[in-house]
1. Sort through 325, 230 and tell me the only one that's loosely packed, with under 13 Cβ neighbours inside 10 Å, more than 25 Å from the chain's Cα centre (by Cα) and assigned by TED's automatic domain parsing to the domain that holds residue 187.
2. Quick one: residue 271 ticks every box in (1) outside the structural domain of residue 187 (by TED's automatic domain parsing); (2) without any contact (Cβ under 8 Å) to a residue 24 or more places away in the chain bar one, so which box is it?
3. Within the set of pairs 6 or more residues apart or between chains, which connect a residue that is farther than 12 Å from residue 380 by Cα inside region 348-367 to a residue that is among the polar types (S, T, N, Q) with Cβ atoms less than 6 Å apart?
4. Out of 96, 56, I need the residue that is within 41 Å of the chain's Cα centre (by Cα), without any contact (Cβ under 8 Å) to a residue 24 or more places away in the chain and assigned to a helix (DSSP H, G or I). Which one?
5. List the pairs whose first member sits in region 67-81 and is within 17 Å of residue 27 (Cα to Cα), whose second member is of a type in the set (Phe, Trp, Tyr), and whose Cβ atoms are under 6 Å apart, counting only residues at least 6 apart or on separate chains?
6. Can you tell me which residue is modelled with the lowest pLDDT among those in region 18-30 that are out of contact with any Leu (no Cβ under 8 Å at 6 or more places or on another chain) and farther than 16 Å from residue 68 by Cα?
7. If you take the residues of region 235-274 that are of a type in the set (Gly, Ala, Ser) and over 22 Å from residue 211 (Cβ atoms), which of them is surrounded by the fewest Cβ atoms within 10 Å (Cβ to Cβ)?
8. When you scan region 99-112, do you find a residue that is surrounded by fewer than 19 Cβ atoms within 10 Å (Cβ to Cβ), in contact with a helix residue (DSSP H, G or I) (Cβ under 8 Å, 6 or more places away or on another chain) and under 28 Å from residue 148 (Cα atoms), even just one?
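The values are calculated or read from the model by the stated rules, or taken from the named source; none is laboratory data. These numbers come from a predicted model, not from an experiment. Positions of Cβ are backbone-derived with ideal geometry, glycine not excepted, and every protein chain shown enters the neighbour counts.
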Amino acid sequence: MAEHPAYPVGLRLAGRRIVVLGGGQVAQRRLPALIAAGADIHLVSPEATPSVEAMADAGEITWHRRPYAEGDLAAAWYALIATSDTEANNRASAEAEAHRVWCVRSDDADAATAWTPATGTSEGVTVAVLTTDARDRDPRHTAAVRDAVVEGLRDGTLVAPHHRTRTPGVALVGGGPGDPDLITVRGRRLLAEADVVIADRLGPRDLLAELPPHVEVIDAAKIPYGRFMAQEAINNALIEHAKQGKSVVRLKGGDPYVFGRGMEELQALAEAGIACTVVPGISSSISVPGAAGIPVTHRGVAHEFTVVSGHVAPDDERSLVDWPALARLTGTLVVLMGVDKIGRIAETLVAHGRSPDTPVALVQEGTTAAQRRVDATLATVAETVVAQQVKPPAVIVIGEVVGVGPHEAA
């Protein structure tokens with residue numbers, strides 16, 4: 001038998017009796033997949049790990065609290081033998097052979113009639129890797145191959161085109177704060193599968209260079225769709241391309257719903273009858289301060305943080321922000337899109353009670369190679385922005401957390 005490779009096959013175990021001998025770490029790792037397969041699982045073991053016991057308590061498996069006994073495998077379709085008792089394992093293996101039950105042994109792969117492959121899943125596809133040479137089994141190598149394939153499928157670096165017709169639609173993808181490595185796995189995969197990408201200026205631009213040549217990339221800041229308001233033009237572009245049967249990704253900076261007008265686009269698509277998927281992204285409001293060494297909350301310093309748009313000044317009648325209330329808070333205030341209004345914002349906060357000595361940090365081009373941090377206080381931030389030539393995009397952090405560094409860690 002050792003001269004022949006294993007024959008790979010997918011077992012459909014839903015509703016079929018499966019016997020697992022041993023309730024230790026091996027069972028703990030293997031049981032979730034068997035449960036997901038819908039198997040009727042019977043665990044035979046005097047003891048079990050807390051996680052395995054929890055599965056039994058939840059009714060996911062049936063636990064027989066005793067050692068293996070002759071006859072346990074008689075009605076099984078599949079068996080996993082994973083006890084620390086070699087003699088019991090041998091007897092159970094012999095019973096499995098007698099009843100033609102495919103049997104995996106954790107202690108002796110050569111004595112088993114089945115092997116468990118290294119498996120992983122990505123969007124409905126299961127990747128299973130087995131060693132072809134039975135005499136040179138290397139579990140670490142097969143696991144590494146599995147990981148490489150699954151990771152490539154998930155992050156879009158390994159593209160497997162769909163050959164069946166896909167349902168056209170739009171994905172609103174939050175690209176994160178700018179570093180291409182900070183987009184979500186799902187977002188990157190959808191980007192790799194897109195026919196059309198409509199991208200924001202603040203999205204992870206480096207990812208666009210990785211797209212195949214056939215993908216149409218549209219700059220959302222320069223959409224040639226007539227004399228519309230910018231957002232209306234973007235909405236029209238999304239609808240037009242989706243109606244052509246294309247897979248469209250709207251690549252946005254940060255998160256689609258954090259000052260990203262994502263809901264406006266979703267509403268326009270829904271009105272047009274276009275299916276839409278929303279993929280959350282890492283918001284710059286927390287990720288950019290973090291990249292600059294600033295925690296937006298810290299024990300004993302700040303128990304809350306507030307994110308506010310600064311694109312409208314406090315004294316502007318269009319402002320929806322209760323600035324006096326924000327001035328009374330003791331936690332962290334994160335201001336997005338507020339570089340050119342920070343002087344008036346600081347004046348308003350001080351006028352309503354916030355100390356002029358409150359620390360302020362401005363993080364420009366956060367998480368990118370051009371990132372820089374400029375520190376000030378509410379009293380000096382207006383002149384500092386001018387002197388240091390701070391330009392958008394920049395995230396502004398106001399509060400005592402600005403002064404918290406590694407030396408402050410508890």
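1. 230
2. (1)
3. Cβ pairs passing all conditions: 365/371.
4. Numbers: 96 fails: within 41 Å of the chain's Cα centre (by Cα).
From the options 96, 56, the qualifying one is 56.
5. 78/102
6. 29
7. Applying the first criterion (of a type in the set (Gly, Ala, Ser)) to region 235-274 yields 237, 242, 245, 247, 253-254, 260, 262, 268, 270, 272-273.
Now drop any that are not over 22 Å from residue 211 (Cβ atoms), which leaves 268, 270, 272-273.
Values: 268: 19, 270: 11, 272: 16, 273: 9.
Of everything passing the filter in region 235-274, 273 is surrounded by the fewest Cβ atoms within 10 Å (Cβ to Cβ).
8. Here is the first cut: in region 99-112, the residues surrounded by fewer than 19 Cβ atoms within 10 Å (Cβ to Cβ) are 99-100, 102, 107-111.
Still in the running and in contact with a helix residue (DSSP H, G or I) (Cβ under 8 Å, 6 or more places away or on another chain): 102, 107-108, 111.
Filter once more, so that each one left must be under 28 Å from residue 148 (Cα atoms): 107-108.
Yes, region 99-112 contains a residue that is surrounded by fewer than 19 Cβ atoms within 10 Å (Cβ to Cβ), in contact with a helix residue (DSSP H, G or I) (Cβ under 8 Å, 6 or more places away or on another chain) and under 28 Å from residue 148 (Cα atoms).
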